[in-house]
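Below you'll find the structure, written out as C-alpha cells, and then a few comments.
The values are calculated or read from the model by the stated rules, or taken from the named source; none is laboratory data. This structure is a prediction, so every number in the text was calculated from the model and none was measured. Here the Cβ is made from the backbone with ideal geometry for all residues, glycine too, and neighbour counts use every protein chain on show. Side chains included, ligands, DNA and RNA excluded: accessible areas come from the protein's heavy atoms. Shrake-Rupley method; radii C 1.70, N 1.55, O 1.52, S 1.80 Å.
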Amino acid sequence: RRARGVKTIIAQEMSLSLLSSAPVGFAAPLPAVRPVAQPRPLTMSAADGMEGAAHETGFTTWDPLGLADLGSPATLAFFRHAELKHCRVAMAAFTGWLVAVSGVHFPGLCSFSEGISFEDISQLTPMEQWGAVPALGKAQILLAIGIIEHQSEWKIKPHYMAAGGKPGDLKGLKSFWDPIGLTSKMDAKKLERQRLSEIKNGRLAMIGIVSVLIANNMPGAIPLPIAFPAGPSLVLPF
C-alpha cells in the first residue's frame, strides 16, 4: 500500500508539473515594443531668410550666440543697419589705409594757415597722418560725417526700423549715395547680387582694417611676409 501511495503521489506531482509548464512552453513570443522617437522641436532664427548667407556658411544663418533673437524685428533691423554701416566704413578705411601706405597724395597744401602739405602728411604712418591734420580740418571731416548720419536717420522715410523700412537703404540721399545713377541701370537680380557682395566684402574689410592696425603691435598676428608700418593702433580724435 505504501508503495502504491508513493507511486500515486509521484504521478500526481508529475502531472501537475507538466500542466503548469505547458503554457510556458507553448506561449507565443510577444513582439518587441520599441519606444517611439519624439520629433525634436524645429528652432528657427529671426535672421533666417535675410541677405548675407552664402557658400561660407552653407547658405544658412550663422548666429551662434543667437543675437538675432534678442529683441523685436525693429531690433534686428537696427543690427542689420549697423552691420551695413560698419561694412561701408571699414571698406573706406581699408582703402584709405592702402592709399596711406602707398605714398599717394593730393598735390598742394592741406592747410594754408599752418603750411602743411599733403606730401608732408604722406611721409607718416596711416594713424600718424590723422594726427598731423590740423584741428580745423578734423572738425570739417567729422562735421561732414555727422551731417550724413543725421540725414540718413531723419530724412529717409519710412525709417529702417519701422514697417516697410529697409536697413542700409540710402536712396533718399540721392546726391550722396548714387550721384551718377549706377544702380538705376541694374535689374532686380543684379541688385541682389551687388547687395550680397557689399555685405561679404564689408565683413572682410572689418576684419582687414583691424588686422592691419594691430599687425605691427602684435607680432605674428598676420602670418604674411609684409613689413607693416610702425606706429600706434589707436589715436585720439583731437
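Number of residues in the range 94-115 that are without any contact (Cβ under 8 Å) to a residue 24 or more places away in the chain, surrounded by 12 or more Cβ atoms within 10 Å (Cβ to Cβ) and not in a loop (DSSP other than H, G, I, E, B) equals 4. Entry remark, the range 72-84: residues being open to solvent by less than 60 Å² (accessible area, probe 1.4 Å) and within 17 Å of the chain's Cα centre (by Cα) number 8 in total. Every test in (1) open to solvent by less than 60 Å² (accessible area, probe 1.4 Å); (2) touching a residue at least 40 places away in the same chain (Cβ under 8 Å); (3) of a type outside the set (F, W, Y); (4) not in a loop (DSSP other than H, G, I, E, B) is passed by N201 save one, and that test is (1). Taken residue by residue, the range 133-153 has at least one member that is within 28 Å of R203 (Cβ to Cβ), hydroxyl-bearing (S, T, Y) and either open to solvent by less than 60 Å² (accessible area, probe 1.4 Å) or outside any helix (DSSP H, G or I) (or both). Among the residues of the range 80-93, is there at least one that is farther than 17 Å from K200 by Cβ, touching a Pro at 6+ places or on another chain (Cβ under 9 Å), of a type in the set (D, E, K, R) and in a helix (DSSP H, G or I)? The answer is no, given that none of the residues of the range 80-93 is farther than 17 Å from K200 by Cβ, touching a Pro at 6+ places or on another chain (Cβ under 9 Å), of a type in the set (D, E, K, R) and in a helix (DSSP H, G or I). Checking each residue in the range 183-198 for being farther than 16 Å from M91 by Cβ and either exposed (fewer than 11 other Cβ atoms within 10 Å of the Cβ) or modelled with pLDDT of 85 or more (or both) picks out S184, K185, M186, D187, A188, K189, K190, L191, E192, R193. Number of residues in the range 57-70 that are assigned to a helix (DSSP H, G or I) and without any contact (Cβ under 8 Å) to a residue 24 or more places away in the chain equals 3.
In the range 85-101, the count of residues that are touching a strand residue (DSSP E or B) at 6+ places or on another chain (Cβ under 7 Å) and under 30 Å from P229 (Cα atoms) is zero. Restricting attention to the range 204-228, the residues that are in a loop (DSSP other than H, G, I, E, B) and surrounded by fewer than 16 Cβ atoms within 10 Å (Cβ to Cβ) add up to 11.
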